[in-house]
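What follows is one structure encoded as structure tokens, with my remarks underneath.
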Amino acid sequence: MIALLLATAALPTAIDAERAFAADAQRRGQWTAFRATATEDAVMFNPGPVNAQAFLKDKKDPPESVKWWPTQSFVSCDGNLAINHGPWVIARNNSHGTFTTVWQRQNIGWRWVYDGGETLKGSKPAVRKPLVRKASCNGKPNRTMILPQPSAAPNGTINERSGQSNDGTLAWSWTVDYSNTRRFATWLWNGRTFVKVLDQTVPA
């Protein structure tokens, strides 16, 4: 774990961190790599939200790790927060889908705070060069932007969390309702207003 954190400390972008994360999963094991790069309060879904470190503490690595690669990266103006999105595949059962990871640059390197995925049907995704969209450094974004709230659940509290970069130019939120349907959204500052650049609804 220490070796991986030292390596990620030198990585310039969240795309580099994502690729190193995916490569480490192939080299050392899927859940070993997840544990090594998650923050203490990082969240995964099973299918509802769980603390990643607690959930993965004693989890054994599968014989074949999932493979994934970023095809989109939304980055704050200061470069210290990024949301990566792209496909994943598992060869042994011929399954595939998409993932979304929220990355923060910390003193010890890039660490992820959110990891969510969904399974898709149809043709498998192709490997392609990632598209990077960086927030504008112009203007003064609202540091306390209003994030959408889900409808009231009839039989339980809805789980939700949101975050924003230190410079205010990139924001994200997730909600999970009582049926464990998850919604994740990302907003990017364009110099005048926030633009929603990612909006996902994932059934339980």
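The values are calculated or read from the model by the stated rules, or taken from the named source; none is laboratory data. Small disclaimer: the values here were computed from a predicted structure and weren't measured. Methodologically, a virtual Cβ is constructed for each residue, glycine included, from the backbone with ideal geometry; neighbour enumeration extends over all protein chains shown. Only protein heavy atoms, including side chains, enter the accessible area calculation; ligands, DNA and RNA are left aside. Shrake-Rupley method; radii C 1.70, N 1.55, O 1.52, S 1.80 Å.
List of remarks:
- The number of residues in the stretch 33-44 that are part of a strand (DSSP E or B) and either open to solvent by less than 30 Å² (accessible area, probe 1.4 Å) or touching a Pro at 6+ places or on another chain (Cβ under 9 Å) (or both) comes to 5.
- Test: Ser76 is out of contact with any helix residue (DSSP H, G or I) (no Cβ under 6 Å at 6 or more places or on another chain) and among the polar types (S, T, N, Q): yes
- When the stretch 164-204 is filtered for residues that are farther than 21 Å from Gly97 by Cβ, of a type in the set (Val, Ile, Thr) and either open to solvent by 10 Å² or more (accessible area, probe 1.4 Å) or not in a loop (DSSP other than H, G, I, E, B) (or both), the ones remaining, listed by number, are Thr193, Val195.
- The strands (runs of 3 or more DSSP E) found wholly in the stretch 45-118 and carrying at least 1 residues that are open to solvent by 20 Å² or more (accessible area, probe 1.4 Å), charged (D, E, K, R) and over 21 Å from Ala185 (Cβ atoms) occupy 95-106.
- Against the conditions (1) touching an Asp or Glu at 6+ places or on another chain (Cβ under 9 Å); (2) open to solvent by 50 Å² or more (accessible area, probe 1.4 Å); (3) closer than 23 Å to Asp199 by Cα; (4) not acidic (Asp, Glu), Arg28 satisfies every one except (3).
- Only residues that are in contact with a helix residue (DSSP H, G or I) (Cβ under 6 Å, 6 or more places away or on another chain) and either modelled with pLDDT under 95 or of a type in the set (Ser, Thr, Tyr) (or both) were counted across the stretch 35-50, and they come to 1.
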